[in-house]
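The values are calculated or read from the model by the stated rules, or taken from the named source; none is laboratory data. As the structure is a prediction and not an experimental result, all values here were calculated from the model. Quick reminder, even Gly has a Cβ in these numbers, built from the backbone with ideal geometry, and neighbours come from all protein chains shown. We work out accessible area using only protein heavy atoms, side chains counted, and drop any ligands, DNA or RNA first. Shrake-Rupley method; radii C 1.70, N 1.55, O 1.52, S 1.80 Å.
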Amino acid sequence: MAVEYADNPSVAVIGAGSWGTALAALLAGKLPQVTLWAREPEVVEGINQGHHNPVYLADLDLPPNLVAHQDLAWVAANHDVLVMVVPTQFCRQVLAQLKPHVRPHVTFVSATKGVETANLALISEIFTQTFAAPIAQRTCYLSGPSFAREVIAGQPVAVAMAGADEAALAAMQALFFFPHFRTYSTSDVVGVELGGALKNIIAIAAGISDGLGYGAGARAALITRGLAEIARLGHIYGANPQTFAGLSGMGDLLMTASSTLSRNYTTGFRLGQGESLSHISGSSREVAEGVQTAASTWLLAQRHGVEMPITQAVHAILFEQVPPQQAVTQLLNRDMKREAV
């Protein structure tokens, strides 16, 4: 039986970090009420009593019809749409906890960007391995150039929503469509996923370059050649090359690799300035997804025989204790190449 989508579905966002909070606040501008699931009791209390997330984006006001809840089973059992915004490495675990409680007609929207380290799985692969075909087939994937603060502030952004089920995709595109938050649809799930995940690695590389004192030309070269290696891996997965020229490809990459609002760029910048990864990681509760994505993507590149020199260099800096300057020198001393993907 086909799923019918209500004008005002009950919606919960799973994950109360910056991006989860921003998406919940966005949807609260359209729906009578939106639920935000958080692990931390102080986040639940802060949102419900003071309309602030005291841990993430604490200085920003949240709408009063955004309510927080800590019982994951209750959230799963009482909502038609579940928006997943948990870190990649916890996605499988949280989905397994949700599975016994979700409604049969539930539609998931994944806004998580990354590649699972343990199994080298894309987020869509985790969904298909966790849920039967109807639910996995309906799942949609949201990605594109957008920062949480800008979304909550109502600044204009445009993103991509990918899905295989046309009815679910149209419904989720409509749900996430606002005058200041334009959502474009595509059937290229894997292209949107890879663009959203792998651009974080290139953003770290761009930050390292800026941290070392290199100029705009070096950053532009990293962004451009970084997109080329993302497209090479995308080809292996059957992604549409045009996707990487769009919002979830070049658009997201340009934004993430050139802004101090990006955790991945700032992580790279601090590495380039000489800080250690352990010190950087310990200074914030928020995750730079590109760190673990670099580990998993480098393994994927080796598995598939895909040349990804920037990813290799970032991996060497993050996990092999190679000094940033040395990694850059190795990149610059590679053999001459034709400019081709």
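Data table
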{"item": "Unit charges at the beta carbon, dipole of the chain: most positive-side option, G272, A160, A121", "result": "G272"}
{"item": "The chain: relative contact order as a whole-number percent, Cα under 8 Å and 6+ apart", "result": "14 percent"}
{"item": "Förster radius 45 Å - calculated FRET efficiency between T128 and Q326, Cβ distance, rounded to 0.05", "result": "0.65"}
{"item": "Net charge dipole size for the chain [Lys, Arg +1 and Asp, Glu -1 on Cβ; Debye, nearest 20]", "result": "540 debye"}
{"item": "Theoretical FRET efficiency, 1/(1+(r/R0)^6), r = Cβ-Cβ of A6 and E286, R0 41 Å, to 0.05", "result": "0.75"}
{"item": "Residue among G46, P145, Q173 farthest towards the positive dipole end of the chain, charges placed on Cβ", "result": "P145"}
{"item": "Computed [θ] at 222 nm, deg cm²/dmol, the chain (DSSP H ≥ 4; -39,500 (n - 2.57); rounded to nearest 500)", "result": "-14500 deg cm²/dmol"}
{"item": "Alpha-carbon Rg with Dmax, taken over segment 239-297, Å", "result": "13.3, 39"}
{"item": "Heavy-atom accessible area per residue - segment 198-333, 1.4 Å, Å²", "result": "43 Å²"}
{"item": "Contact order normalised by residue count of segment 40-156, Cα under 8 Å, 6+ apart, percent", "result": "20 percent"}
{"item": "Solvent-accessible heavy-atom area per residue, rounded to whole Å², over segment 1-58 at 1.4 Å", "result": "44 Å²"}
{"item": "Heavy-atom accessible area per residue - segment 76-139, 1.4 Å, Å²", "result": "36 Å²"}
{"item": "Gain in span if fully extended, A174 to A216, counting 0.36 nm per residue against the direct Cα distance", "result": "11.3 nm"}
{"item": "Q155 versus R39: modelled label distance in nm, points set 7 Å from Cα along the beta carbon direction", "result": "2.9 nm"}
{"item": "For segment 198-333: relative contact order, % (alpha-carbon pairs under 8 angstrom, 6 or more apart)", "result": "35 percent"}
{"item": "Carbon/sulfur fraction of accessible area - the chain, other protein chains in place, 1.4 Å, %", "result": "54 percent"}
{"item": "Volume in Å³ per residue [convex hull over Cα atoms, computed for segment 92-153]", "result": "113 Å³"}
{"item": "Folded to 0 to 90 degrees: helix 166-175 orientation relative to the chain principal axis, Cα", "result": "80 degrees"}
{"item": "Segment 270-329-segment 45-91 distance, computed between alpha-carbon centres (Å)", "result": "30 Å"}
{"item": "Label point distance in nm, A73-E339, each placed 7 Å from Cα along Cα→Cβ", "result": "5.9 nm"}
